[in-house]
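What follows is one structure encoded as structure tokens, with my remarks underneath.
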């Protein structure tokens, strides 16, 4: 097989998704599985749907279009606020979109009428993380305007925490979201079908038996399903697989070299200040992958290896006592940043794997 490549264990992915769907269902919370870190892979979306997720969410309309073209007709959610320049495509391929701007909803309404469709809207509320969101004091005005647009259906409200400023979803801000949803339903005489509490950072709160989920009935989960980890502290979640994705790279050089460079030193290719500790001569290996393909800071080296640095096309490692001959392959774990970059690199192939069922 070619390298570099991402190996995807579909059985492990399905296990993670089904586990979280089951745990959250007992709390009355549905799962919107987010596929943006996989470029809207149809194979991955099908596995997620088999595992019981209710909706497929993505931040890029191109990825949702890819899913539609692949014949996937499950409910879809555009989780990033639509660009006005893409409203026709959003209405055509997304059943619902997250929104914060009246001007955008107005244009979605025009697109929906032009396509003789109805488009769902979730209004995102700012609860402190200072990324997207309508300030609570302005929410009633936005709801009133949204309800007036033909072709638009107000599906509910949502929020996003932890992504921009690291604000932790907790009993206080989640209770505020429920309070806002209840107030809108009462004042406008409507039903809030969806109260979307946030992302994988919400899991500690949502799965705590002592917490009150209130009206929150949906979470948008990406990292927890894909990597088996929660994003607040990157700890592995109990019972989930952290090895869904593996980056495989080929060794292109394997030599014993000094550990300290010689000559006058300036900045490295990516602006770092070089630093080294003299450890004598050590075996250093280079694998054919670099910053153009992956975030090297998000890689987990194989046991016994240590990442020393990376340029655009080279990843340099201390091989310790390992021979690592030229032409052999090394396998790396990835965090979310490394995964996103590897998936979007045209130089990294993707291979779907499934453990065969023994009979």
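Nothing in this text is a laboratory measurement; each read-out follows from the coordinates by a stated rule. Note that the coordinates shown come from a computational prediction; the quantities given were computed from them, not determined experimentally. Cβ: placed from backbone, ideal geometry, glycine included. Neighbour counts: every protein chain shown.
With a Förster radius of 30 Å applied to the C-beta separation of residue 102 and residue 54, the computed FRET efficiency comes to 0.60.
Summarising the label geometry, the points placed 7 Å from Cα in the beta-carbon direction at residue 355 and residue 170 lie 3.9 nm from one another. Computed from the C-beta positions of residue 2 and residue 278, the FRET efficiency with R₀ = 30 Å rounds to 0.20. For the chain, the C-alpha radius of gyration sits at 1.13 times the compact-globule guess of 2.2 N^0.38 Å, with N the residue count.
Placing a pseudo-label 7 Å from each Cα along the Cα-to-Cβ vector at residue 70 and residue 138 gives an inter-label distance of 3.6 nm. Could you tell me the distance between the Cα centroids of the range 97-149 and the range 185-259, to the nearest Å? If you average the Cα positions of each part, the centres end up 26 Å apart. Most simply put, the chain has about 45% antiparallel DSSP beta bridges, counting only bridges with both residues inside it. In this structure, residue 83 and residue 235 have a Cβ-Cβ separation that, at R0 = 41 Å, corresponds to a calculated FRET efficiency of about 0.70. With a simple spin-label model that places each label point 7 Å from the Cα along the Cα-to-Cβ direction, the separation between residue 344 and residue 117 comes to 2.5 nm. Across the range 245-353, C-alpha contacts under 8 Å between residues 6 or more apart give a mean separation that, scaled by the residue count, equals a relative contact order of 34 percent. Taking packing as the residue-averaged number of other Cβ atoms within 10 angstrom, the listed peptides 293-303, 219-229, 74-84 run from highest to lowest as 219-229, 74-84, 293-303.
Where does the range 5-77 land on Rg(C-alpha)/(2.2 N^0.38 Å)?
Normalised by 2.2 N^0.38 Å, the Cα Rg of the range 5-77 equals 1.06.
Taking every pair of alpha-carbon atoms in the range 245-353, give the share separated by more than 20 Å as a whole percent. Of all Cα-Cα distances in the range 245-353, 40 percent exceed 20 Å.
Peptides 48-60, 186-198 ranked from most to least packed, by the mean per-residue count of other Cβ atoms within 10 Å: 48-60, 186-198. Working note: 222 nm ellipticity from helices only, DSSP H runs with n ≥ 4, each -39,500 (n - 2.57), summed and divided by the residues of the chain, gives -8000 deg cm²/dmol to the nearest 500.
Report the gain in length on full extension from residue 208 to residue 292: 0.36 nm times residue separation, minus Cα-Cα distance, nm rounded to one decimal. Don't skip to the end; give the middle numbers.
Numbers: separation 84, 0.36 × 84 = 30.24 nm, distance 4.02 nm.
Working it through step by step, the gained length comes to 26.2 nm.
Expressed as a whole percent, the proportion of Cα-Cα pairs in the range 1-131 lying more than 26 Å apart is 29%. Using C-alpha pairs below 8 Å separated by at least 6 residues, the relative contact order for the range 10-227 is 19 percent.
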